[in-house]
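Right, one structure below, let's go through it.
The values are calculated or read from the model by the stated rules, or taken from the named source; none is laboratory data. These numbers were taken from a predicted model, which means no experiment stands behind them. Don't worry about glycine lacking a Cβ; one is built from the backbone with ideal geometry, like all the others, and counts go over all protein chains shown. When the accessible area is computed, the model is the full protein with side chains, heavy atoms only, and any ligands, DNA or RNA have been set aside. Shrake-Rupley method; radii C 1.70, N 1.55, O 1.52, S 1.80 Å.
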Amino acid sequence: MTEPIHLRVAVDTPQHTSLREPLTYLGDPALAPGTLVRVPLGRREVTGIVWADLAVASPEPVPPALDVKSLLHVLTSLAPLRDTWCQLVEFAAGYYQRGIGEVALSVLPPELRKLDDTQVRQRIARLHKAWARLPPSEPAEAQAAASGVAPELDAAQTRALAELRVMQSPTNEPGPASAPTVLLHGITGSGKTEIYLRAAAQALADGRQVLVLVPEINLTPQLEARFAERFAGRHIVAMHSGLTPAQRLRSWLAAHLGLADLVLGTRLAVFASMPRLGLIVVDEEHDPSYKQQEGARYSARDLAVYRGKLEGATVLLGSATPSLESWQRAEEGRYRRLSLPARIGGGALPAVRLVDMNLQPRVKGGAAISPPVLAALQQRIARGEQSLVFLNRRGYAPVLHCGDCGWKSGCPHCSAWRVFHKLDRTLRCHHCGFTERVPRACPDCGNLDIAPMGRGTERLEEQLAELLTHPDGRPARIARIDADSTRGKGALEAQLGAVHAGEVDVLVGTQMITKGHDFRGITLVAAVNPDTSLFSSDFRAPERLFALLMQAAGRAGRDAAQSAASEMWVQTWHPQHALYAALRGHDFEAFAAAQLAERRMAGLPPFSHLALLRAEARTADAARGFLQVAAQAAERACDSAAVTVYSPVPTPIARVANVERMQLLVESPSRGVLQRFLADWLPALHALRRELPAEQRILRWAVDVDPLAI
């Protein structure tokens with residue numbers, strides 16, 4: 001009989017404990033690292049993963065006094081998770097300061113953790129049976145040629161693809177040295193997706209799998225359709241939070257077993273188990289949606305780059321407005337940059353026109369559509385063309401206001417206003433969800449004349465419906481796409497279908513409609529009230545605004561025949577701002593150079609490295625007190641010359657759902673120094689939380705490495 005040995009097993013331990021490493025159990029020495037098992041944890045039985053680096057046989061039988069528990073069950077029906085997958089998880093856990101088990105188990109399908117060995121075997125058998133009925137896959141290039149769906153490449157695409165093919169060459173042995181990271185900088189409409197498709201075809205022809213990441217769920221079906229059309233017969237699966245648990249498990253199993261040729265998904269898909277991974281595409285790599293905001297606050301884009309090195313896979317980062325971190329890495333030669341400087345078919349980018357709102361008539365109730373923009377919209381309707389009006393604020397109005405006493409519709413539970421939604425006559429907090437019916441009169445003074453202030457997409461839609469008509473007097477067809485109008489199942493697809501079918505004259509919406517959509521009939525884009533980000537305390541706000549406006553502009557003139565007449569109108573109170581000067585020239589390089597120069601002088605990322613310690617408590621004093629004591633502990637844990645710890649401050653929204661939130665910023669010019677400091681500091685924070693008196697106890701705390709905003 002084989003003597004059991006000590007095995008390290010990654011389990012999801014409670015985050016408020018300091019147990020971040022795998023735990024020790026007794027098990028069979030033949031068990032491979034990456035094997036899924038069931039183990040006792042306290043009074044529970046939980047799923048764990050045999051971890052790689054401490055499977056060393058005990059020279060003597062384990063003394064009973066150690067009370068090391070044994071494995072309960074082993075999932076023999078599933079192949080172990082690969083070493084490179086475990087290395088990716090271990091890196092993510094270490095870098096983002098979370099437990100290995102927490103990260104490893106959170107990225108597996110929840111359904112997998114509920115099934116026993118027999119049930120998993122049945123799921124795998126069903127999957128094999130269903131996919132055996134599909135026609136055999138053909139080489140990707142042969143499929144494309146036979147179907148005639150592959151368009152001709154222009155000169156820039158041809159050059160970019162030739163360079164990519166050299167980097168993807170199978171003559172290179174898989175490994176870190178043959179794993180380039182490529183930044184594909186292509187203006188909107190330049191054919192980046194075609195490069196993704198051709199690069200994927202090359203990887204598939206080499207017998208490898210392809211992972212394609214997109215920032216938003218609503219973009220996944222659109223891209224999935226493009227890949228399905230090109231690779232008919234290939235096995236394609238989706239991975240995102242919109243799937244049912246059963247669908248998510250089926251997709252994961254198909255990828256893990258090597259059955260799926262292509263995996264398309266949102267940020268969680270970066271952890272998909274894929275044994276033959278050869279290419280990772282990160283579309284719109286600049287998008288903040290790639291950063292997880294709960295639990296392990298990882299960046300899927302950055303982990304994709306790290307995974308590419310582990311797997312020997314090419315990583316292709318695509319964007320019209322790359323993140324400044326990626327742009328700087330390309331400038332330094334760490335990434336290979338490929339450019340697509342022109343639109344497919346020779347089409348022109350839309351001319352950008354600025355409307356100086358200081359010269360426009362003042363309108364009671366907040367910013368409205370200016371007369372020049374209204375005239376431009378009316379002109380497009382008369383020509384049978386479509387327009388897009390972008391306002392990044394949903395609801396009817398940001399706030400209700402009483403002119404007599406000054407009352408405003410604040411949220412009683414948050415330091416934010418409740419938004420007026422006219423359709424259902426409610427005041428709704430977009431932070432905690434607290435909703436009430438609109439009062440008949442001012443709650444403070446009884447004044448019956450309470451009115452909306454400002455404009456959201458609902459009010460903008462209403463205004464445009466009142467003002468815009470066809471030449472024959474028919475009302476213009478106005479559609480709105482935002483988080484409120486697309487809640488119902490299939491609502492987004494139906495509304496997008498109406499736009500593509502030409503059944504909409506003017507599309508109104510939030511940033512949901514500015515990303516990735518190929519609206520062939522839109523020739524005019526109007527941005528209403530974008531100025532709010534120009535003077536934000538968040539150093540990344542200008543970068544996000546520029547990217548958003550460039551993406552919005554890219555929705556116009558995508559049909560080459562109409563591109564010459566396409567326009568973008570921007571209503572602004574600051575027409576002389578440098579950001580708008582760069583926007584008018586569609587000059588990302590000038591904008592990036594200016595922003596990077598400012599950040600270098602200020603010592604901000606990518607020239608420094610940041611982490612935020614966030615604390616939440618019932619009172620602001622308790623949250624502040626915890627952070628102040630944490631700062632004192634930091635002084636004992638670090639070299640003050642290498643790490644700067646700032647004083648605690650409230651978060652931008654200081655109270656949400658009656659919970660007060662504070663944060664403390666940590667900065668270092670060295671990523672390695674910051675990581676070592678955090679690793680030393682966090683154990684002290686776990687102990688500190690337990691030692692605080694009851695009146696100073698906090699509800700939770702978390703560290704955010706490389707935060708999106710400060």
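Brief remarks follow.
- Qualifying residues in the range 691-705 (those that are in contact with a strand residue (DSSP E or B) (Cβ under 6 Å, 6 or more places away or on another chain) and charged (D, E, K, R)) - the one farthest from residue 610 (Cα to Cα): 700
- The number of residues in the range 391-441 that are among the β-branched types (Val, Ile, Thr), surrounded by fewer than 17 Cβ atoms within 10 Å (Cβ to Cβ) and under 28 Å from the mean Cα position of the chain (by Cα) comes to 1.
- Residues of the range 206-215 that are within 21 Å of the chain's Cα centre (by Cα) and either over 15 Å from residue 514 (Cα atoms) or open to solvent by 50 Å² or more (accessible area, probe 1.4 Å) (or both): 210, 211, 212, 213.
- Of all residues in the range 403-426, those that are under 21 Å from residue 483 (Cα atoms), in a loop (DSSP other than H, G, I, E, B) and among the hydrophobic types (A, V, I, L, M, F, W, C) total 4.
- Boolean, residue 244 is over 26 Å from residue 13 (Cβ atoms) and open to solvent by 50 Å² or more (accessible area, probe 1.4 Å): yes
- The range 504-526, subset in a strand (DSSP E or B) and of a type outside the set (Ser, Thr, Tyr), residue nearest to residue 469 (Cα to Cα): 506
- The listed residues are 209, 292, and the only one of them that is without any contact (Cβ under 8 Å) to a residue 40 or more places away in the chain and not small (Gly, Ala, Ser) turns out to be 292.
- Test: residue in the range 562-577 that is surrounded by 18 or more Cβ atoms within 10 Å (Cβ to Cβ), of a type in the set (A, V, I, L, M, F, W, C) and in contact with a Ser or Thr (Cβ under 6 Å, 6 or more places away or on another chain): no
- Residues that are over 12 Å from residue 627 (Cα atoms) and open to solvent by 40 Å² or more (accessible area, probe 1.4 Å), drawn from the range 685-705: 690, 691, 693, 694, 695, 699
- Apart from one condition, residue 294 fits all of (1) at pLDDT 95 or above; (2) in a loop (DSSP other than H, G, I, E, B); the exception is (1).
- Yes/no for residue 498 being surrounded by fewer than 20 Cβ atoms within 10 Å (Cβ to Cβ), at pLDDT 90 or above, more than 18 Å from the chain's Cα centre (by Cα) and outside any loop (DSSP other than H, G, I, E, B): yes
- Applying the criterion of being touching a strand residue (DSSP E or B) at 6+ places or on another chain (Cβ under 7 Å) and of a type in the set (Asp, Glu) to the residues of the range 513-571, the residue that is farthest from residue 605 (Cα to Cα) is 567.
- Selection within the range 67-96: residues that are open to solvent by 50 Å² or more (accessible area, probe 1.4 Å), touching a residue at least 60 places away in the same chain (Cβ under 8 Å) and in contact with a Phe, Trp or Tyr (Cβ under 8 Å, 6 or more places away or on another chain). The member of this set that is nearest to residue 298 (Cα to Cα) is 91.
- The residues on offer are 531, 484, and the sole one that is closer than 27 Å to residue 399 by Cα, within 26 Å of the chain's Cα centre (by Cα), without any contact (Cβ under 8 Å) to a residue 60 or more places away in the chain and open to solvent by less than 50 Å² (accessible area, probe 1.4 Å) is 531.
- Any hit, the range 252-274, residues being at pLDDT below 95, under 20 Å from residue 230 (Cβ atoms), in a helix (DSSP H, G or I) and not charged (D, E, K, R): no
Rundown of residues vs (1) open to solvent by 50 Å² or more (accessible area, probe 1.4 Å); (2) at pLDDT below 90, yes/no style:
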residue: 132; (1), (2): yes, yes
residue: 147; (1), (2): yes, yes
residue: 155; (1), (2): yes, no
residue: 159; (1), (2): yes, no
residue: 174; (1), (2): yes, yes
residue: 177; (1), (2): yes, yes
residue: 185; (1), (2): no, no
residue: 193; (1), (2): no, no
residue: 204; (1), (2): no, no
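- Sole residue being among the acidic types (Asp, Glu), touching a Lys or Arg at 6+ places or on another chain (Cβ under 9 Å) and at pLDDT below 95, chosen from 224, 216, 229: 216
- Residue 645 meets the conditions (1) closer than 27 Å to residue 600 by Cβ; (2) among the hydrophobic types (A, V, I, L, M, F, W, C); (3) within 25 Å of the chain's Cα centre (by Cα); (4) buried (at least 19 other Cβ atoms within 10 Å of the Cβ) in every case but one. The failed one is (3).
- Options 278, 258, 265: the member that is farther than 22 Å from residue 120 by Cβ and small (Gly, Ala, Ser): 278
- Counting only strands (runs of 3 or more DSSP E) wholly contained in the range 579-690, the ones carrying 2 or more residues that are at pLDDT 95 or above and in contact with a strand residue (DSSP E or B) (Cβ under 6 Å, 6 or more places away or on another chain) occupy 609-617, 659-668.
- Of the candidates 472, 505, the single residue that is farther than 20 Å from residue 395 by Cβ and open to solvent by less than 20 Å² (accessible area, probe 1.4 Å) is 505.
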